[in-house]
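Beneath this line is the structure, given in structure tokens, with notes to follow.
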Amino acid sequence: MRSDYILTLSCPDRTGIVYRVTGLLFDLACNILDAQQFGDDESGRFFLRVHFHKPAKTEIAALEQRFAALADEFQMDWQLHDARRRARLLVLVSKQGHCLNDLLFRMHSRQLPVEIAA
């Protein structure tokens, strides 16, 4: 079974964040599957989401330990979680049902990996 993880982070924006994060993943033989980033000029914060595959030889504890040191250097707020874990979703709808129908269809067809809690 694949070991895919999602890393999300935010920190004060500065040069070298993407380079250092992706370099750390490379050093641990991880393969980046998808990455999205955004720098907010108004708040001065940088946001990054990286979906990556971790090889069996790389221990998750070692990855977390190495990343924690990097996070301290860049003052990052970060989370790392297993990509197989489905997010719990609370759905609020108006009188129009088409959006709810679309969400339910995508959930049941496994296009949207969520668990609708309420």
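Exactly one condition in (1) part of a strand (DSSP E or B); (2) under 25 Å from Pro113 (Cβ atoms); (3) over 15 Å from the mean Cα position of the chain (by Cα) is false for Arg2; which is it?
Going through (1) part of a strand (DSSP E or B); (2) under 25 Å from Pro113 (Cβ atoms); (3) over 15 Å from the mean Cα position of the chain (by Cα) one by one, Arg2 breaks only (1).
Given the options Thr8, Thr15, name the one that is of a type in the set (Val, Ile, Thr) and part of a loop (DSSP other than H, G, I, E, B).
Within the list Thr8, Thr15, the selection yields Thr15.
Could we say that Gln36 is more than 15 Å from Leu9 (Cβ to Cβ) and exposed (fewer than 11 other Cβ atoms within 10 Å of the Cβ) here?
no
Considering only segment 86-113, state which residues are modelled with pLDDT under 80, in contact with a strand residue (DSSP E or B) (Cβ under 9 Å, 6 or more places away or on another chain) and either of a type in the set (S, T, N, Q) or farther than 29 Å from Gly44 by Cα (or both).
Residues satisfying the conditions are Arg86, Leu112, Pro113.
State which residue is surrounded by the most Cβ atoms within 10 Å (Cβ to Cβ) when the search covers only segment 45-92 and only residues that are closer than 11 Å to Leu7 by Cβ and charged (D, E, K, R).
Lys54
The values are calculated or read from the model by the stated rules, or taken from the named source; none is laboratory data. A quick note: this is a predicted structure, and the numbers were derived from the prediction, not measured. Using ideal geometry, Cβ is built from the backbone for each residue, glycine included, and neighbour counts are taken over all protein chains shown.
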